[in-house]
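Input: a single structure, listed below in structure tokens.
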Amino acid sequence: MASTASPTSLSLLPTSSSSTTSRSRSSSVQVAASRLRSIGLHASPIRRLGFAGAAADPVLSLHVAAKIGAVNGKGVRGVVSMVKKSVGDLTAAELKGKKVFVRADLNVPLDDNQNITDDTRIRAAIPTIKHLISNGAKVILSSHLGRPKGVTPKFSLKPLVPRLSELLGIKVEKADDCIGPDVEKLVASLPEGGVLLLENVRFYKEEEKNEPEFAKKLASLADLYVNDAFGTAHRAHASTEGVTKFLRPSVAGFLLQKELDYLVGAVSSPKRPFAAIVGGSKVSSKIGVIESLLEKCDILLLGGGMIFTFYKAQGLSVGSSLVEEDKLSLATSLLEKAKAKGVSLLLPTDVVIADKFAPDANSKVVPASEIPDGWMGLDIGPDSIKTFNEALDTTKTVIWNGPMGVFEFDKFATGTEAIANKLADLSKKGVTTIIGGGDSVAAVEKVGVADVMSHISTGGGASLELLEGKELPGVLALDEAVPVAV
């Protein structure tokens, strides 16, 4: 492990007390599984909700299920403080012939020719839409795209129609507005099992201001509401929060539920040892996440530009590396908090440094304690990758948020790609792997291992806020599920 010159003295090995905790938690998983079986529930309800880890990770599924309890005898919830009713809890009779306002997150990237360059978010919305149309509902689909200032043609949702139609196997109709008489006529002519895509809801400034009258106009188009837009659930907008005041039931879609199952449920009640990997350029942007995860994890691995603030806080020279001078005392307090809680917090022991911030910069590997003046750290080094991999080999649950270096530059992408590949290997061995949104998603997509991860979050800011322990307005606004006594 680390030498005396290494930047952290916190041990990777668990203390006897943390080992005892791990054993007791493992025992609680068995008890949870037994209790779940006693009420006749198995992993299948979670799988129905899109809980991808259910088949590969039945112990986690059972544990989360028993921890939260059953809802309406149908779905199980991995949500601690936000146990919400799901679209899967609605009966066929409640859906057939009903006009359902579905808020999805179809904010996909488009090239200069208006071609979709990544359809991940569209594909993620398909299960909820298919469920609704297969039950005879009339789907009114709403989303935003980009950050338009008023009606902006390049942010129209029209380019999404062909791909939506292809994935759903039906012709999706498109409205030129999201409210008004013309939209109402299209809704009135919508057949059972049909889908109408409304125009970009953010063409109206009232959307982001959550103005009640605008929300009321949106709600007037439908009989009930489904929120499947996790990426905007942390915003109280008219289409994510305001409409719920006028539509009942208001429930979660399968994607939103799956995000909550993993980012709240699996993180709050993980199979242990539980490791968190946090990267990114600044400590300030991840303070809440780190503090929250220190309350839950056994191992915390830090990478990215933020590590140099931790190094400097320990008196090490960091050259011209990125440092947040006003966060040095915070970095020290986080190290102390980790030690007090028995969390094995690991900082890289070596780094890849460069003579400038550029893809063609000269580079070399040095110990973290020997960064020369005029050089900056842009990635973690090979010894750190080895140490991190050894730590991850001990785990049963891993969550990753933030790259290990400047992975946009190939020369400094090695650390990030190594973590992505390691998590892919662990996934294949049954470890629960959660990619917590943002650049980590881009990293696993770039490496080509996204498909093997247990869960990849579709949210950026929403993922961060949920990991910080914050409640999301778009989720709080939904109908409460009624738990069955266990």
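Go through the range 175-203 residue by residue and tally those that are out of contact with any Lys or Arg (no Cβ under 6 Å at 6 or more places or on another chain) and more than 15 Å from residue 138 (Cβ to Cβ). Adding up the residues that qualify gives 11.
Among residues that are in contact with a His (Cβ under 7 Å, 6 or more places away or on another chain) and over 30 Å from residue 224 (Cα atoms), residue 285 is not included. Here residue 210 qualifies as under 25 Å from the mean Cα position of the chain (by Cα), of a type outside the set (Asp, Glu), open to solvent by 30 Å² or more (accessible area, probe 1.4 Å) and assigned by the TED database to the domain that holds residue 120.
The set of residues in the range 164-178 being of a type outside the set (A, V, I, L, M, F, W, C) and open to solvent by less than 60 Å² (accessible area, probe 1.4 Å) consists of 165, 174, 177.
From the list 323, 289, pick out the single residue that is among the β-branched types (Val, Ile, Thr), surrounded by fewer than 24 Cβ atoms within 10 Å (Cβ to Cβ) and under 15 Å from the mean Cα position of the chain (by Cα). Show your work before the answer.
Numbers: 323 fails: under 15 Å from the mean Cα position of the chain (by Cα).
Being among the β-branched types (Val, Ile, Thr), surrounded by fewer than 24 Cβ atoms within 10 Å (Cβ to Cβ) and under 15 Å from the mean Cα position of the chain (by Cα) holds for just one of 323, 289, which is 289.
Every condition in (1) farther than 30 Å from residue 208 by Cβ; (2) modelled with pLDDT of 85 or more is met by residue 474 except one, and the failing one is (1).
Can you pull out the residues in the range 388-414 that are in contact with a Ser or Thr (Cβ under 7 Å, 6 or more places away or on another chain), closer than 16 Å to residue 440 by Cα and either open to solvent by less than 10 Å² (accessible area, probe 1.4 Å) or touching a residue at least 40 places away in the same chain (Cβ under 8 Å) (or both)? 398, 400, 401, 402, 403, 404, 405, listed by residue number. Just to be sure, is residue 432 open to solvent by 30 Å² or more (accessible area, probe 1.4 Å) and either touching a Leu at 6+ places or on another chain (Cβ under 9 Å) or not assigned by the TED database to the domain that holds residue 458 (or both)? No. Within the range 442-461, if we keep just the residues that are of a type outside the set (Gly, Ala, Ser) and open to solvent by 30 Å² or more (accessible area, probe 1.4 Å), the residue that is nearest to the chain's Cα centre (by Cα) turns out to be 456.
Given the condition in contact with a Cys (Cβ under 9 Å, 6 or more places away or on another chain), buried (at least 23 other Cβ atoms within 10 Å of the Cβ) and not in a loop (DSSP other than H, G, I, E, B), answer yes or no: does some residue in the range 231-244 qualify? No, because not a single residue in the range 231-244 is in contact with a Cys (Cβ under 9 Å, 6 or more places away or on another chain), buried (at least 23 other Cβ atoms within 10 Å of the Cβ) and not in a loop (DSSP other than H, G, I, E, B).
Taking the stated definitions as given, is residue 361 touching a strand residue (DSSP E or B) at 6+ places or on another chain (Cβ under 6 Å), part of a helix (DSSP H, G or I) and either open to solvent by less than 30 Å² (accessible area, probe 1.4 Å) or not assigned by the TED database to the domain that holds residue 414 (or both)? Taking the combined requirement at face value, the residue does not satisfy it.
Going through 247, 302, 260 one at a time, which residue ends up being touching a residue at least 40 places away in the same chain (Cβ under 8 Å), under 19 Å from residue 339 (Cβ atoms) and open to solvent by less than 10 Å² (accessible area, probe 1.4 Å)?
Going through 247, 302, 260 in turn, just one is touching a residue at least 40 places away in the same chain (Cβ under 8 Å), under 19 Å from residue 339 (Cβ atoms) and open to solvent by less than 10 Å² (accessible area, probe 1.4 Å): 302.
When residue 402 is tested against (1) modelled with pLDDT under 95; (2) farther than 25 Å from residue 368 by Cα, just one condition goes unmet, and that condition is (2).
Of the listed requirements (1) open to solvent by less than 10 Å² (accessible area, probe 1.4 Å); (2) within 24 Å of residue 95 (Cα to Cα), residue 161 misses just one: (1).
Could you identify the single residue in 481, 450 that is within 30 Å of residue 361 (Cα to Cα) and small (Gly, Ala, Ser)? Give the derivation first.
On the way: 481 fails: within 30 Å of residue 361 (Cα to Cα).
That would be 450, the only listed residue that is within 30 Å of residue 361 (Cα to Cα) and small (Gly, Ala, Ser).
Of the residues in the range 377-385, at least one is assigned to a strand (DSSP E or B), more than 20 Å from the chain's Cα centre (by Cα) and among the charged types (D, E, K, R).
Residues in the range 437-455 that are farther than 20 Å from residue 379 by Cβ and touching a residue at least 40 places away in the same chain (Cβ under 8 Å): 454, 455.
The values are calculated or read from the model by the stated rules, or taken from the named source; none is laboratory data. The structure displayed is predicted, hence computed values, not measured ones. Please note: Cβ atoms are built from the backbone with ideal geometry, for glycine as well, and neighbour counts cover all protein chains shown. Surface areas here come from the heavy atoms of the whole protein model, side chains and all, with no ligands, DNA or RNA. Shrake-Rupley method; radii C 1.70, N 1.55, O 1.52, S 1.80 Å.
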